[in-house]
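Step one of this worksheet: look at the structure below.
Coordinate-derived values only; no laboratory data. Predicted model, so just to flag it, every value in this text is computed and none were measured. In this analysis, Cβ positions are derived from the backbone assuming ideal geometry, glycine residues included, and neighbour counts consider all displayed protein chains.
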Amino acid sequence: MQLADSVEVNEQGHLLIGGVDAVKLAEKYGTPLIAYDVRKIKKQIRGFKQAFEDAGVKYMVSYASKAFSALAMYQLINKYGLGCDIVSGGELYAALKGGMPPERIEFHGNNKLQDELEMAVDEKIGTIVVDNFREIKLLDHILRRKHANIGVVLRVTPGIEAETHQYIMTGQSNSKFGFDIRSGQAEEALQQLMKNPRMNLMGIHCHIGSQIFAVNGFLMAAEKLVEVLADWKKRFGYEADVLNLGGGFGIRYNDFDQPLPAEEFVSAIVERVKELVAKYELKMPEIIIEPGRAMVGEAATTLYTIGSRKDVDGVCHFLAVDGGMGDNIRPALYDAHYEAYLADRPNALREQMVTVVGKYCESGDVLVHDCALPNTKPGDILAMPSTGAYGYTMASNYNRNPRPAVVFCEDGKSRLVVRRETYADMMACELGLED
Ligand SMILES: *Cc1c(COP(=O)(O)O)cnc(C)c1O
């Protein structure tokens, strides 16, 4: 097995994360530890913006914050002028705490709660991505009561199936998200929104899936959406200001994944939208994309301490670490495949094949299947790269294990951005039977 090209080591041969020795990080902060290389996040931010800048079109890169919604992350993207997607009141709260300007916040979700919509209206966020008829009604009631207005974008399902895992596939007609185009729902929603004086219909949105490697799915989605817009202009006189093509840009988890650079996705999308807009004689809309995984996924490495092992000859070789499905449920949930190496000798010869498991009381608590590693001893630090997206945000306290700490590393310095939970933290909501 080959290592990622991006694995950097110091003179001692130890893995470096943002210029910091990973073994020292584990000593200083303990494990499990999620360590981000901040430069990798910044590289993605620049990559997604650059192709839009080069093309000179109006755009917004809206970070899908469910991928990693730490306060530090909102603060970082805000510095770079990005927008963000939120999908709950909790994410909205965190985004605002992180200083995100409300007008650059988009609210997604298939069952936004009344309280959440009220909060979004009160905070005057930029966009509600309207998902269904009940939501239109609910939002209308709130806006009437509060004598308020808000920008909305219509989420549609274009009927495109991106090649990806079925749990993370959302563009097809039987998706739980958005208004279906084929059955006429999208058109019905358009007419309701056009008539509503409290909702400013800015455009349409689709999100075709996640961990997508080919640009083609995005081009097909752009084609479908612009066709729809051309039809709506003709029949209803509606012209969109915003074309939001969602996220889903793939990243490298292991050798089998070969993602495109952010710039290539964006320049292909921009070029196609320009062609389509010219063909149908529409005005050029602002293009919005919503990368989540691609913004942060490859930037983090999780460090674990190796503990016990179980070997049954010819049957199994389990190597256990001090974390697991509580800090990274993706292998158990999606059958996601990761790789791993040792922090103090990432380039050492890989002499054994093991299954890396966690410490949780589930047989499904596996982190890496068929992992080639050098011979290890308890106390060695295992590094699992590409754990920056949907790891910490999906973390749980199962078995009352505290959630890990998160550090940002850059130019040889580390900074704790999320401290490790304590046992007391995990009891904070408990009222018990007696006071
Ligand atoms: C999850 C999601 C994204 C981000 O997806 P990634 O695969 O993390 O890029 C973007 N837009 C919407 C609407 C989403 O639900």
TYR80 paired with MET394, simple spin-label distance in nm, labels 7 Å along Cα-to-beta-carbon: 2.3 nm
Label-point gap, in nm, between GLN258 and GLU53 - each point 7 angstrom along Cα→Cβ: 2.9 nm
Unit charges at the beta carbon, dipole of the chain: most positive-side option, ASN397, HIS207, ILE288: ILE288
Residue among SER175, SER88, SER62 with the largest mean-square fluctuation in a Gaussian network model of the chain, springs linking Cα atoms under 10 Å: SER175
Sorted peptide list for 245-255, 365-375, criterion being average Cβ within 10 angstrom, highest first: 245-255, 365-375
For region 299-334 versus region 61-78, the gap between their alpha-carbon centres in whole angstrom: 28 Å
Average silhouette area of region 297-435, convex hull of alpha-carbon atoms, in square nanometres: 10.4 nm²
Computed [θ] at 222 nm, deg cm²/dmol, the chain (DSSP H ≥ 4; -39,500 (n - 2.57); rounded to nearest 500): -9000 deg cm²/dmol
Förster-model FRET efficiency, 25 Å R0, LYS124 and LEU431, C-beta, rounded to 0.05: 0.10
Coil-residue GluC sites (Glu not before Pro) of region 248-351, DSSP, other Cβ within 10 Å capped at 10: GLU281, GLU351
Ranked packing of 424-431, 34-41, most packed first, by mean Cβ within 10 Å: 34-41, 424-431
Net charge of neighbours whose Cβ lies under 13 Å from the Cβ of ALA336, counting Lys and Arg as +1 and Asp and Glu as -1: 0
Rg and Dmax [Cα atoms of region 64-153; Å; Rg one decimal, Dmax integer]: 12.6, 36
Segment LEU349-LYS24, extension gain: residue separation times 0.36 nm, minus the distance between their alpha carbons: 114.8 nm
Neighbour net charge for GLN114 - beta-carbon separation under 14 angstrom, K R +1, D E -1: 0
Candidates ILE86, ILE77, ILE181: whichever shows maximal mean-square fluctuation once the chain is modelled as a Gaussian network with Cα springs under 10 Å: ILE181
Normalised convex hull volume, region 259-351, alpha-carbon set, Å³ per residue: 183 Å³
GNM top mover of PHE213, PHE318, PHE68 - the chain, alpha-carbon springs below 10 Å: PHE318
Cα radius of gyration and Dmax for the chain (Å): 23.0, 71
Nearest-ten-degree value, helix 216-236 long axis tilted from longest Cα axis of the chain: 20 degrees
Sites ALA214 and LYS234 - FRET efficiency at Förster radius 35 Å, r taken between beta-carbons, to 0.05: 0.65
Relative contact order, percent, the chain [alpha-carbon distance under 8 Å, six or more residues apart]: 20 percent
Subset of LYS58/LYS97; LYS377/LYS413; LYS58/LYS283 violating a 18 Å alpha-carbon distance limit: LYS58/LYS97; LYS377/LYS413
Radius ratio Rg over Rh of region 108-291, counting only Cα atoms, Kirkwood formula for Rh: 0.98
Full-extension gain in nm, VAL312 to CYS361, via 0.36 nm per residue minus C-alpha separation: 15.7 nm
